[in-house]
Amino acid sequence: MNRQDWQVVWRVIFDFSKQNKKTMLSFFISNVLGAITPFITVVLMGKLLDAVQRQEETNELIWLALSAFGIQFVLQLIIYRTKEWYNQKLEYMKEMEAYRLNEKSLLMDYEYLEDIEIQELRLRGVSKTYLGVVGQTLNFLGEVITSGVSISVAIGILVPMFTKKSPPEYGWIGSIWFSVLLLAGIGALVWFNYRRSLFYAKEEMKAYDKISGESNQMKYYLDMLAGVESQKDLRNYGQQKIIETEMEQLCEKGKNGIALVGKNLRRKIWLGNATSNLSGLLIYLFTGLRAYVGLISVGQVVTYAASMIQFSKSVSTFAGSVGWLKETSFACRDYIDYMDLGKKKYEGTIPIEKRRDNRFLVEFEQVSFRYPGTQTDVIRNLNLKFVIGEKMAIVGKNGSGKTTFIKLLCRLYDVTEGCIKVNGIDIRKYNYAEYQRLFAVVFQDFRLFAFSVGENIAASKQVDRLRAMDALKRAGLGERMEHLRDGLDTFIGKEIHTDGVVFSGGEKQKMAIARAIYKDAPFLIMDEPTAALDPISECEVYAGFDQMVGKKTALYISHRLASCQFCEDILVFDQGTVVQRGSHEQLVKEDGIYRKLWTAQAQYYC
Ligand code: ADP
C-alpha cells in the first residue's frame, strides 16, 4: 500500500464516518478489543499457572481464575454488542451504496450517462467488491487494525523475554545469540509468509478481475432470459439458443479464473498453516528449553509461547488483509472518481422570470451541436425564433435532428457552438433546476414506474387527485379510469405489486401525456406522442390538443405529417437544420422536402 492507496481508503472511510459516527466507533472498539482479548487470557492464565506452581492459597487461586473469567466475559459482551451494532449497518451497505451511486447519476451532467468509461467507473467498483466498496474497505481495514494491534501487544509482551540478560550459568540456552537465532528463524518464516500472502491476495484479485467481465456478461444474459421485456422476442425467434451457447462459452472461460482462485486460496491456507506450525514448534522449543533450565516459569512458557503464536498468525493476517486492502483501494478510487465527478456544465443563478401570461421568447442563434465523442454535427447552424403560446410542429425524416433539438432546448446537452436564449438571456445563465421546470416533455422512450397511477401522474407521493383526474381525462383516459377498481391508486405493472394492472402501450402513452399536462409547465413538448396510439385515439389527441395545451407553448414532433396539420407553424428539419417553415397549406405549395414527404406519405396512407 502506498500513500495514494491509503489516501483513497481514508477518504472512503472518512465520508462514511461523517454520517455513521456510532457505527465507526463500534467498528474500532470491536476490532481493538478483539485483538487485545486473547492476550489478556494468555497473561492471566500464565499467572494462574505460576500461582498453582508456587502453591499459593486457594483463595488467591480462585480470585485469579474468577477475575480471568470475569474480564473475559465482560470483554466478550462488549465485542458482541459492538459487532452486532456494526454488522446491522453492514447488512444493507451494498444496496445503499448502489443507491448512492445511482442517485449520483441523476445529478450528473446528462452526457456522462452516455459515456461508457464513466458508467464503467460506477459498475466496476460495485462488481469488484462483494460487500460493496465501503463494506469491503471496512472489512479489510478491520482485519488490518485487529492484526496490527495484536502484533504490537505481542511485541510488548515478548520484548522482556528476549532482552532480559540471563546469568552465565544458564549457558547457551540463556545466551543472547540463541534468542537472536530463534528470532531470525521465526522472522524468516513470518517474512516469507507475509510476502506470499501479499502475492496471493494480488493473484486472487487478478483472477476475480478476469472473471468479472464474464460475470457481467452472464448477468446480462440471465436478465435477458428471465426478463418480461425480452421474452416475446426470445420465444418468437428462438434466440435462447444463442444465449445458451454464449453462456457455455462464458462458463468455459470463467472456469480457469475460478480454478485459479481456488488454487491460490488452498496454497495460501496451506502456507499459513505450515509456517505457523513451524514457528510454533520453534517457539515451544525455545521457551520449553528456557523453562527446563529454570530461566522462566511454566506460566511464562504459556504466556510467551501463546503470544508468539498469536504474533505469527497476526502477521499472516496482516499481510493478507493489507494485500486485499490494496486491491480494494482500486475500487475505492473508481468509487471516489465517480462520486467526485464535477459538473462540466455551467450552471447559472439567474431565476426564471415568473410570467402570468406564460409568454417566453425562445431564440436559437447559429446553433451547432455534435454528440460527445462524435465527429459530425447533428444540428447545423440553426437559427430559429418562437414565442410561447404558439403551437408548433417539428417534422422531418428519422435522424434529421428533431429529438436532439428538444434535448438542446431542455439543456440535457449544451450547444457546441452558438447560443440558445430565453427572453434574451443565454439559457446557461439560468438556474438549472428552475429552467427544467419550464418544460413538460413526453419523450419517445418515456418511462412510467411501478408506482400508482396517481403517483406517476403527479410525479410525487402527494397527489392532487382532482388535477390528476383532469389531466388523465384530457389525455383521453377518462373512461379507462372509471373502469379501474382502485382508480388513481391502481398500481402500474406487476413488477412490485401483484395486484397491479398491465396497461397497453397506447394507454401508457396517454398516461405519459397526462403526466406532462399535470406538470403544468409553460412548454409542453411531445416527441412522437401518438406512435403507440390507435387511429381513433390519435384523432382524439389532435382534436383535444387545443384544450390539452391551453395557453402553453406546444412543440409537437412527428415524422407523420398528417398528424401535424393542425399546427399553424410547422418547422421542417433536414440534416440538422430547419429547411422550411410555414403552415401546411403554404408548405405543400412549395417545392421542397415537405411536399416530397407529404406526397410519399399520402400515397402510403391512401
Ligand atoms: P430524429 O429525432 O429526427 O429522428 P435524432 O435527433 O434522434 O433524430 O438524431 C439525429 C442524429 O443524431 C442521428 O444521426 C442519430 O444517430 C444521432 N444521435 C442521436 N443520439 C445520439 C447520441 N446519444 N450519441 C450519438 N449520436 C446520436
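The values are calculated or read from the model by the stated rules, or taken from the named source; none is laboratory data. These numbers were taken from a predicted model, which means no experiment stands behind them. Heads up, the Cβs are rebuilt from the backbone with ideal geometry, glycines too, and the neighbour counts pull from every protein chain shown. Note: areas computed on protein heavy atoms with side chains; ligands, DNA, RNA excluded. Shrake-Rupley method; radii C 1.70, N 1.55, O 1.52, S 1.80 Å.
Of the conditions (1) more than 16 Å from the ligand (Cβ to nearest atom); (2) under 22 Å from R581 (Cβ atoms); (3) modelled with pLDDT under 90, G396 satisfies every one except a single condition; which number is it?
(1)
What number of residues within the range 89-99 are assigned to a helix (DSSP H, G or I) and open to solvent by 80 Å² or more (accessible area, probe 1.4 Å)?
5
Residue by residue, here is whether (1) open to solvent by 40 Å² or more (accessible area, probe 1.4 Å); (2) of a type in the set (A, V, I, L, M, F, W, C); (3) in a helix (DSSP H, G or I) holds:
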{"site": "G46", "(1), (2), (3)": "no, no, yes"}
{"site": "E56", "(1), (2), (3)": "yes, no, no"}
{"site": "A68", "(1), (2), (3)": "no, yes, yes"}
{"site": "L75", "(1), (2), (3)": "no, yes, yes"}
{"site": "Y80", "(1), (2), (3)": "yes, no, yes"}
{"site": "L101", "(1), (2), (3)": "no, yes, yes"}
{"site": "S105", "(1), (2), (3)": "no, no, yes"}
{"site": "Y112", "(1), (2), (3)": "no, no, yes"}
{"site": "G156", "(1), (2), (3)": "yes, no, yes"}
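Regarding the range 543-560, can at least one residue be identified that is in contact (Cβ under 8 Å) with a residue 24 or more places away in the chain, open to solvent by 30 Å² or more (accessible area, probe 1.4 Å), under 34 Å from the mean Cα position of the chain (by Cα) and more than 16 Å from the ligand (Cβ to nearest atom)?
The answer is no; no qualifying residue exists.
Of all residues in the range 577-594, count the ones that are of a type in the set (A, V, I, L, M) and outside any helix (DSSP H, G or I).
2
Of these, D527, D499, which one is crowded, with 17+ Cβ neighbours inside 10 Å and of a type outside the set (S, T, Y)?
Exactly one of D527, D499 is crowded, with 17+ Cβ neighbours inside 10 Å and of a type outside the set (S, T, Y), namely D527.
Table: residues versus (1) open to solvent by less than 70 Å² (accessible area, probe 1.4 Å); (2) touching a residue at least 24 places away in the same chain (Cβ under 8 Å).
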position: L183; (1), (2): no, no
position: A188; (1), (2): yes, no
position: M205; (1), (2): yes, yes
position: E214; (1), (2): yes, yes
position: G227; (1), (2): yes, no
position: L234; (1), (2): yes, no
position: G238; (1), (2): yes, no
position: E248; (1), (2): no, no
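Residue-wise test of (1) closer than 30 Å to Y435 by Cα; (2) of a type in the set (S, T, N, Q).
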| residue | (1), (2) |
| --- | --- |
| T275 | no, yes |
| L278 | no, no |
| S307 | no, yes |
| S314 | no, yes |
| R333 | no, no |
| D337 | yes, no |
| G342 | yes, no |
| K354 | yes, no |
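Return the only residue of E585, E495 being more than 30 Å from S368 (Cβ to Cβ), modelled with pLDDT of 85 or more and away from the ligand (no atom under 16 Å from the Cβ).
Working: E495 fails: modelled with pLDDT of 85 or more.
None of the other options fit; the residue is E585.
Restricting attention to the range 399-412, which residues are more than 6 Å from the ligand (Cβ to nearest atom) and closer than 22 Å to L587 by Cα? Quick ask: steps written out before the conclusion?
So in the range 399-412, the residues more than 6 Å from the ligand (Cβ to nearest atom) come out as 405-412.
The one that is more than 6 Å from the ligand (Cβ to nearest atom) and closer than 22 Å to L587 by Cα: F405.
For every residue, the table says whether it meets (1) over 30 Å from K354 (Cα atoms); (2) among the hydroxyl-bearing types (S, T, Y).
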{"site": "L484", "(1), (2)": "yes, no"}
{"site": "G487", "(1), (2)": "yes, no"}
{"site": "T490", "(1), (2)": "yes, yes"}
{"site": "D499", "(1), (2)": "yes, no"}
{"site": "V502", "(1), (2)": "yes, no"}
{"site": "K508", "(1), (2)": "yes, no"}
{"site": "M526", "(1), (2)": "no, no"}
{"site": "P529", "(1), (2)": "no, no"}
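Restricting to strands (runs of 3 or more DSSP E) lying wholly in the range 306-407: which have 1 or more residues that are open to solvent by 50 Å² or more (accessible area, probe 1.4 Å)?
On the way: elements: 361-369, 379-387, 391-396.
Those strands (runs of 3 or more DSSP E) span 361-369, 379-387.
Scanning for something more than 10 Å from the ligand (Cβ to nearest atom), in a helix (DSSP H, G or I), in contact with a strand residue (DSSP E or B) (Cβ under 9 Å, 6 or more places away or on another chain) and open to solvent by less than 10 Å² (accessible area, probe 1.4 Å), does the range 415-429 turn up at least one residue?
For the range 415-429, residues more than 10 Å from the ligand (Cβ to nearest atom), in a helix (DSSP H, G or I), in contact with a strand residue (DSSP E or B) (Cβ under 9 Å, 6 or more places away or on another chain) and open to solvent by less than 10 Å² (accessible area, probe 1.4 Å): present.
With respect to L484, is the statement that it is more than 16 Å from the ligand (Cβ to nearest atom) and either touching a strand residue (DSSP E or B) at 6+ places or on another chain (Cβ under 8 Å) or in a loop (DSSP other than H, G, I, E, B) (or both) true?
In short, yes.
More than 16 Å from the ligand (Cβ to nearest atom), closer than 30 Å to E114 by Cα and not small (G, A, S), is that true of V367? Steps first, please.
Numbers: more than 16 Å from the ligand (Cβ to nearest atom): no; closer than 30 Å to E114 by Cα: yes; not small (G, A, S): yes.
Judged against the criteria, V367 is not a match.
If we scan the range 136-146, do we find a residue that is of a type in the set (D, E, K, R) and either in contact with a Gly (Cβ under 9 Å, 6 or more places away or on another chain) or open to solvent by 80 Å² or more (accessible area, probe 1.4 Å) (or both)?
Yes - at least one qualifying residue is present in the range 136-146.
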